[in-house]
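Have a look at the structure below before the remarks.
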Amino acid sequence: MATAGRLSGLHIETIQSRSRKYLWHIGDHRHTRLSQCVMVTSGPVTVALDEVRAELAEAAVMIIPAGTVHSFKFRPDTQGLVLTLDLDHLLTLTTAEHRLPIEALFSMPRAIDLRADAGVVERVRSLLERLDEEFRQPESAAAPTLSWLACCALWILALRAAPPVSEEYPRGHDAERLRRFRLLIESYYLKRWPVERYARRLALSETSLNRLCRRLAGCTAFDLVQQRLALEAQRRLVYGANSVSGIGAGLGFKDPAYFSRFFRRHCGVSPNEFRRRHGGG
């Protein structure tokens, strides 16, 4: 990665340069801390994001949060750009008002068809192409240009993928607390922290944390933790080789039957059926 990328926490390259060495097929992989925004400007792409598979062409964007298992199949004539970034670092450069829509954009993997949004395509494409040009300038390492351009492109995409900024977007201290809670979940959900411990780390009461989550996320703090646990269970069933009971034990479920009930409650099917449908194991 270039010096500019190391200092700014981001990297950009063309789809051609990234995928040619893999013969246009980039297999299943994940980035632990880095997120990606992949824009296809011409040609087809088949993308898998966790358990979701999509076939897109021409104007499309794939949003890949850190930790998402993903793969691509391009064609030799597919054109576009791949933006890789440290989202946490990038978000420190924005205000809470502008940070929350971008954070919401990366709250889940997305494959967005933009063929009906020519204006959005042109704005985002021009920003990413300019970012690509600036990335290759020797003085970019000491300038904020890269991060500014990335924020602008992602802001436009965030407004396209979600409703306009309004009361729906949390602001100020509450927004920051919710962001910190999600980061804590990512670090400690496998340790099975109780909600009270998360609340204590955030200097909140359990009641206050639940009130915050209900207002800003539409569910309780416990629900957010359980959703993350269920997502990890899905990933391990598809991409891991352990038995269902072994996966449950690795996630802290001592009773296989309880793990199956938990999984069915959150995913609608049994772990075995989910694995069969998605070809895991």
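Points worth noting:
- Any hit, the stretch 56-69, residues being in the same structural domain as GLU122 (by TED's automatic domain parsing), crowded, with 20+ Cβ neighbours inside 10 Å, of a type in the set (Ser, Thr, Tyr) and in a loop (DSSP other than H, G, I, E, B): yes
- Residue in the stretch 27-36 that is touching a residue at least 60 places away in the same chain (Cβ under 8 Å), assigned by TED's automatic domain parsing to the domain that holds LEU157 and in contact with a strand residue (DSSP E or B) (Cβ under 9 Å, 6 or more places away or on another chain) present: yes
- Looking only at residues in the stretch 205-262 that are hydroxyl-bearing (Ser, Thr, Tyr) and within 30 Å of HIS29 (Cβ to Cβ), the one that is nearest to the chain's Cα centre (by Cα) is TYR239.
- Test: ARG30 is at pLDDT below 85, over 10 Å from the mean Cα position of the chain (by Cα) and surrounded by fewer than 19 Cβ atoms within 10 Å (Cβ to Cβ): yes
- Within the stretch 157-197, the residues that satisfy the criterion of being surrounded by fewer than 18 Cβ atoms within 10 Å (Cβ to Cβ), modelled with pLDDT of 80 or more and of a type in the set (Ser, Thr, Tyr) are SER187, TYR188.
- Each residue in the stretch 130-140 was checked for being surrounded by fewer than 16 Cβ atoms within 10 Å (Cβ to Cβ) and in a helix (DSSP H, G or I), and 4 pass.
The values are calculated or read from the model by the stated rules, or taken from the named source; none is laboratory data. Quick caveat: nothing in here was measured; it's all calculated off a predicted structure. Here Cβ is always computed from backbone atoms with ideal geometry, including for glycine, and neighbour counts include all displayed protein chains.
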